[in-house]
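The structure under discussion appears below in the form of structure tokens.
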Amino acid sequence: MFDRHKNLFLPNTEPFYAAFGNRDTDVFSYKEVGVPLNRIFTVNPKGELIQEHAKTNISSYMRLGEVVDHIFPLLKRRGSCDFPCSDIFSQFTFWREQLPLVDGQIVNTTR
């Protein structure tokens with residue numbers, strides 16, 4: 001089924017970045033269209049996420065939301081991206097803890 005969907009896109013492209021399913025046949029389909037194992041997630045009946053490359057890594061949607069920028073980085077489009085200045089203004093850069101000051105360093109108060 002997913003091969004048919006992949007054929008809707010330009011040749012030599014990988015349109016599927018990650019996948020979520022709840023059956024072994026879903027995982028098989030995702031692998032067939034080239035989704036890497038570390039980005040295939042199975043949702044069990046409890047609603048927990050199991051990453052296919054590490055079956056013992058059981059997580060949740062809440063935890064995935066905390067690391068979403070690391071697992072699903074923004075993709076740039078020909079010199080621009082969906083969110084201008086996203087490397088400067090993002091949830092990660094806004095909420096991260098500041099590094100400790102080095103001796104003689106001036107505090108930046110523009111935050």
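Only protein heavy atoms count here; on that basis, with a 1.4 Å probe, Glu48 has an accessible area of about 60 Å².
How do Ile40, Ile106, Ile50 stack up against each other in accessible area, from largest to smallest, with a 1.4 angstrom probe? List each step's numbers first, then the result.
Values: Ile40 0, Ile106 145, Ile50 30 Å².
Sorted descending by solvent-accessible area, the residues read Ile106, Ile50, Ile40.
The values are calculated or read from the model by the stated rules, or taken from the named source; none is laboratory data. As the structure is a computational prediction, the values presented were derived from the model and not from experiment. Note: areas computed on protein heavy atoms with side chains; ligands, DNA, RNA excluded. Shrake-Rupley method; radii C 1.70, N 1.55, O 1.52, S 1.80 Å.
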